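Single-structure report; data block below.
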Amino acid sequence: MLTYVYEFSEGNKDLKDLLGGKGANLAEMTNLGLPVPPGFTITTEACRAYLESGGMPEGMAEQVSEKLTALEAAMGKRLGQPDDPLLVSVRSGARFSMPGMMETVLNIGLNDESVAGLAAQSGDERFAWDSYRRLIQMFGKTVLGIDGDLFEDAIEERKRATGADGDLDLGAEDFRALVDVFKDIVLQASGRPFPTDPREQMDLAVRAVFDSWNAPRAVLYRRRERIPADLGTAVNVCAMVFGNLGMDSGTGVAFTRDPATGRQGVYGDYLQNAQGEDVVAGIRNTVPLADLERIDKASHDELMGIMRTLEEHYRDLCDIEFTIERGKLWMLQTRVGKRTAAAAFRIADQLVEQGMITADEAITRVDGDQLAQLMFPRFDETAPRDVLGRGMNASPGAAVGRAVFDSAAAVKRARAGERVVLCRRETNPDDLEGMLASEGILTSRGGKTSHAAVVARGMGTTCVCGAEELDIDVKNRRMTAPDGRVVEEGDLISIDGGTGEVLLGEVPVVDSPVVRYFDGTLDPDGEEADDLVRAVHRVMGRADADRRLGVRANADTPEDAARARRMGAQGIGLCRTEHMFLGERRPLVERLILAGDGAERDEALEGLLPLQRTDFTGILEAMDGLPVTIRLLDPPLHEFLPDLTELSVRVALAEERGENPENDRVLLRAVQRLHEQNPMMGLRGVRLGLVVPGLFTMQVRAIAQAAAERLRAGGDPRPEVMIPLVGTVQELEIIREEAVRAVREVAEEYGVELEFPVGTMIELPRAALTAGQIAESAEFFSFGTNDLTQTVWGFSRDDVEASFFSQYLEKGVFGASPFETIDVDGVGRLVRAAAEEGRAARPDLKLGVCGEHGGDPASVHFFDRVGLDYVSCSPFRVPVARLEAGRAAV
Ligand code: PEP
Ligand code: MG
């Protein structure tokens, strides 16, 4: 029989797949000899079996009983024992931390009898009844799915009736009365009485944790975070310890370093006389962890020692939850903590400096998405700031948007294309959708470990939390500053995740220092650079040293090429030539298309040649000494002609006016002739080259001439000619011969030696499927994964993302758009096969990718795995690709 239940002492931190993150770390702490209350973990395997069959797996109930008996023996009391009850918490804990899931039910084991036992044992009647009402409230909300406001409203009502200010003013009698009210709420709302059998409470809570794996919020979170849907969650059952037994008790959360900035020094919040959820929910205001030294020095010192132990053991920033019960410290949770992008880079760098991790490990502690975040613009420091109020800088960045006061409004306005800042007193998992839709999140309550702060940091969204001086009135959809100014829904505000400031209106934003560093205008060793820029510099150095994949850029102007080079590009992987045929050159292109006979066409081509040559000279100069892959013209010709409908109207109107629009008529006929129902699958790429004589030759001549001129000027041009949209080797052969001839002719004309590779894009399934044949005629392949995705899926790349992809994502058809992250199983399979067959036919075949996927972190790892030589992406993604290529290699 499978083991479904593990005592904490039987696990360790490497068993996250089986025990979930929380369970594995509780086990690790237990084995480190840290003060963890005893308990056990029900495995993810049990959850998966349950989700599959709808019933608990065979043998699990007995195993739970066995471990419960052991727990009872260790604690010297039984679950819910009337005169001295053992109480337990039941917490979810998946492989990855998931705020969308049911988190915790505390105080399981209390009922009308054992509440008296708890009162007698603790000597605190109020505490016992407060614990009991918390159980019914949490159980009702998370296990039975009852609206939490019903309970909160009842508490408020009680406070009003008794004139109490806060929870602490409520007494034993109040809680006893609330227990009755809460039981009523449960009965009314769920149609069943609150279960009083302790084991039944526990079993129902375990089942609810399993079920919560598929709660809509959890599904949404997983999709967004690309967490597989079939992992399941573990459940941790743990003996209760109490932070609400008086002022010598309390609970807190802490980080071994500041998760917002990454700076050294412990950081956290503590709340006296409270249970864990009070801190996380930001319901009451906490004190900084440093104050614990004054409140309870012994516990404080012990905690500091434990945090040092944890950091040294995990060799990373850890976050922890702890409780102090009447002066005794208990560790309830630890994990390698979430952090902002800036903190990730600073911490990785510090840990290397402190000798805790190697430089290779450091690059695995950061990722390309974080780097991309650091490249976002921030507020212009010189711009005037109209400060409404201040909160805590919970998640960095600069967000500007219209104030909205609930999740629904955020989603609605964001869908309509507006930027919004979600303003709430505090957030909870119900707000997730609105948080996702917002540029920034502002709360008036809760610390840096509140729900809003934690989730925002995870999503990379700017967040200011705990801005208490702002009165956020959700009901009336407005926010009032201390000076009386009012922000109504829809007003523009700016929030600064770096300083915690909340500003009226739109503050202008400027480039980030990290971009300036990449762009070469900020010296990492100079005075102006801060520790973040230095950390990025060192991490990038290591990534470059480690990576096997080359990184090139997609660029088609000298300016972009130069910028890409500064950003670290090792050449151009895709220089599109489409835009070179637009603008003032349009008339020439029109003439080319409309040309009746060979002579007119040649004339138009002659006109285009010098212009193209200049284009290429500039780019080759900017990329001197590095490869520049120039792709011959790809889009359908009609794109260079006027719109069919507009032109038809123009002609009709002119005729109506009795005019004779001869030129327009000729144009219209051409447009009609070239019109295609499905231009993406029509006359483009190599097909165009085959049916418009001279077009590709002109382009190749221009490339060759540009190279010859660069050579004469003492440069080192390295162009490569790339033929797009090839489906069969015959197409390629014809164009290839033309190209080689053109290069030879130019070489003779200029009296220089010219030789450069001719290759093809692999962007049609047929090309991938016949890669072996195509490689006979191609010196390189560049996978055009945009078109390849389009043609493999049959998705129009210009339409589907805006039309129905949101629904596909919502329904979980895929976790990310296949146009964004490579579809490994389908498109990826073709890439892998084509790479292998291509190399088999031509061992020195160069392989690259130039679709959008070249700059996507997950895709970069895939391209590394299948052995491509380089990825090519937009200049701004070049640093991201460099980092990810480094990470893929270690
Ligand atoms: C591609 O198809 O992936 C590609 C890079 O070419 P384009 O996006 O220009 O079609
Ligand atoms: Mg393409």
Checklist outcome for this item: From the option list PHE863, PHE805, PHE783, PHE814, single residue qualifying as without any contact (Cβ under 8 Å) to a residue 12 or more places away in the chain and under 26 Å from ALA372 (Cα atoms) is PHE814
Checklist outcome for this item: All-but-one check, ASP825 against (1) in a helix (DSSP H, G or I); (2) surrounded by fewer than 24 Cβ atoms within 10 Å (Cβ to Cβ); (3) more than 16 Å from ligand 2 (Cβ to nearest atom), failing number (1)
Item to check | Filter result (over 30 Å from the mean Cα position of the chain (by Cα) and within 17 Å of VAL253 (Cβ to Cβ)) within the range 298-319 | outcome: SER299, HIS300, GLU302, LEU303, MET304, ILE306
Checklist entry - Just one of GLY76, GLY23, GLY93, GLY59 is within 23 Å of LEU135 (Cβ to Cβ) and either surrounded by fewer than 17 Cβ atoms within 10 Å (Cβ to Cβ) or touching a His at 6+ places or on another chain (Cβ under 8 Å) (or both); which is it? => result GLY76
Checklist entry - In the range 594-637, how many residues are within 16 Å of ligand 2 (Cβ to nearest atom) and closer than 28 Å to LEU711 by Cβ? => result 6
Next on the checklist: Can you pull out every residue in the range 798-853 that is more than 14 Å from ligand 1 (Cβ to nearest atom), at pLDDT 90 or above and acidic (Asp, Glu)?
Outcome noted: ASP825, GLU836, GLU837, ASP844
Checklist entry - Say we look at the range 774-794 and pick out the residues that are touching a Ser or Thr at 6+ places or on another chain (Cβ under 7 Å) and farther than 11 Å from PRO818 by Cα; which of these is nearest to ligand 1 (Cβ to nearest atom)? => result SER782
Checklist entry - Just checking, how many residues over the range 873-884 are within 14 Å of ligand 1 (Cβ to nearest atom) and of a type in the set (Phe, Trp, Tyr)? => result 0
Checklist entry - If we only count helices (runs of 4 or more DSSP H) wholly inside the range 686-754, which ones have 3 or more residues that are more than 16 Å from ligand 2 (Cβ to nearest atom)? => result 695-712, 729-750
Next on the checklist: Among the residues in the range 677-695, are any within 16 Å of ligand 1 (Cβ to nearest atom), touching a Ser or Thr at 6+ places or on another chain (Cβ under 7 Å) and among the polar types (S, T, N, Q)?
Outcome noted: no
Next on the checklist: Please verify whether ILE357 is surrounded by 24 or more Cβ atoms within 10 Å (Cβ to Cβ) and either of a type in the set (Lys, Arg) or outside the structural domain of ASP431 (by TED's automatic domain parsing) (or both), treating the condition exactly as stated.
Outcome noted: no
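For every residue, the table says whether it meets (1) more than 16 Å from ligand 1 (Cβ to nearest atom); (2) under 38 Å from the mean Cα position of the chain (by Cα).
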{"site": "PRO719", "(1), (2)": "yes, yes"}
{"site": "PRO724", "(1), (2)": "no, yes"}
{"site": "GLU745", "(1), (2)": "yes, no"}
{"site": "GLY751", "(1), (2)": "yes, no"}
{"site": "LEU769", "(1), (2)": "yes, yes"}
Item to check | Filter result for LEU32 (in contact with a strand residue (DSSP E or B) (Cβ under 9 Å, 6 or more places away or on another chain), not assigned by TED's automatic domain parsing to the domain that holds TRP330 and not acidic (Asp, Glu)) | outcome: no
Checklist entry - So is ASP634 more than 16 Å from ligand 1 (Cβ to nearest atom) and either closer than 26 Å to VAL692 by Cα or touching a helix residue (DSSP H, G or I) at 6+ places or on another chain (Cβ under 8 Å) (or both) or not? => result no
Item to check | Every pair of residues 6+ apart whose Cβ atoms lie under 9 Å, when the first sits in the range 830-858 and is in a helix (DSSP H, G or I) while the second is acidic (Asp, Glu) | outcome: ALA841/GLU776; GLU852/GLU820; HIS853/GLU820; GLY855/GLU884; PRO857/ASP367; PRO857/ASP369; PRO857/GLU884; ALA858/GLU884
Checklist entry - Within the set of pairs 6 or more residues apart or between chains, which connect a residue that is in the same structural domain as ASP624 (by TED's automatic domain parsing) inside the range 538-560 to a residue that is modelled with pLDDT under 95 and surrounded by fewer than 16 Cβ atoms within 10 Å (Cβ to Cβ) with Cβ atoms less than 7 Å apart? => result ASP556/HIS579
Checklist outcome for this item: Checked pairs for the range 721-739, first more than 13 Å from GLY759 (Cβ to Cβ), second surrounded by 18 or more Cβ atoms within 10 Å (Cβ to Cβ) and among the hydrophobic types (A, V, I, L, M, F, W, C), C-beta under 6 Å and 6 or more apart or across chains, list as LEU725/VAL686; GLY727/LEU764; GLY727/ALA767; GLU731/VAL686
Item to check | Residues that are surrounded by fewer than 18 Cβ atoms within 10 Å (Cβ to Cβ) and within 16 Å of ligand 1 (Cβ to nearest atom), drawn from the range 551-575 | outcome: THR557
Checklist entry - If LEU594 satisfies every condition in (1) more than 16 Å from ligand 1 (Cβ to nearest atom); (2) in contact with a Cys (Cβ under 7 Å, 6 or more places away or on another chain) but one, which is the exception? => result (2)
Checklist entry - Within the bounds of the range 472-490, is there any residue that is surrounded by 13 or more Cβ atoms within 10 Å (Cβ to Cβ), over 19 Å from THR443 (Cβ atoms) and in contact with a Gly (Cβ under 9 Å, 6 or more places away or on another chain)? => result no
Item to check | Criterion (hydrophobic (A, V, I, L, M, F, W, C), outside the structural domain of GLN275 (by TED's automatic domain parsing) and surrounded by fewer than 15 Cβ atoms within 10 Å (Cβ to Cβ)) met by exactly one of ALA154, ALA161, ALA128 | outcome: ALA161
Checklist entry - Is the range 123-133 home to any residue that is acidic (Asp, Glu), within 22 Å of LEU245 (Cα to Cα) and not in a helix (DSSP H, G or I)? => result yes
Checklist entry - Restricted to the range 761-786, and to residues that are buried (at least 23 other Cβ atoms within 10 Å of the Cβ) and assigned to a helix (DSSP H, G or I), which residue is farthest from ligand 2 (Cβ to nearest atom)? => result ALA775
Checklist entry - When you scan the range 863-872, how many residues do you find that are away from ligand 1 (no atom under 15 Å from the Cβ) and either part of a helix (DSSP H, G or I) or of a type in the set (Phe, Trp, Tyr) (or both)? => result 2
Checklist entry - Taking the range 753-767 only, how many residues are within 13 Å of ligand 1 (Cβ to nearest atom) and of a type in the set (Gly, Ala, Ser)? => result 1
Item to check | Considering residues of the range 669-680 that are free of Cβ contacts under 8 Å to residues at least 24 places away in the same chain and part of a helix (DSSP H, G or I) only, the residue farthest from VAL726 (Cα to Cα) | outcome: ARG669
Item to check | Single residue of the range 258-277 satisfying the filter (of a type in the set (A, V, I, L, M) and assigned to a loop (DSSP other than H, G, I, E, B)) that is modelled with the lowest pLDDT | outcome: ALA260
Checklist entry - Can you name the number of the only condition in (1) of a type in the set (S, T, N, Q); (2) surrounded by 23 or more Cβ atoms within 10 Å (Cβ to Cβ); (3) outside any helix (DSSP H, G or I) that SER796 fails? => result (2)
Checklist outcome for this item: Taking the range 626-645 and the residues there that are assigned to a loop (DSSP other than H, G, I, E, B), within 36 Å of the chain's Cα centre (by Cα) and not aliphatic (A, V, I, L, M), the one that is surrounded by the most Cβ atoms within 10 Å (Cβ to Cβ) would be ASP634
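The values are calculated or read from the model by the stated rules, or taken from the named source; none is laboratory data. Remember, it's a predicted structure, so these values are computed and weren't measured experimentally. Counting neighbours? That spans all protein chains shown, and the Cβs are built from the backbone with ideal geometry, glycine included.
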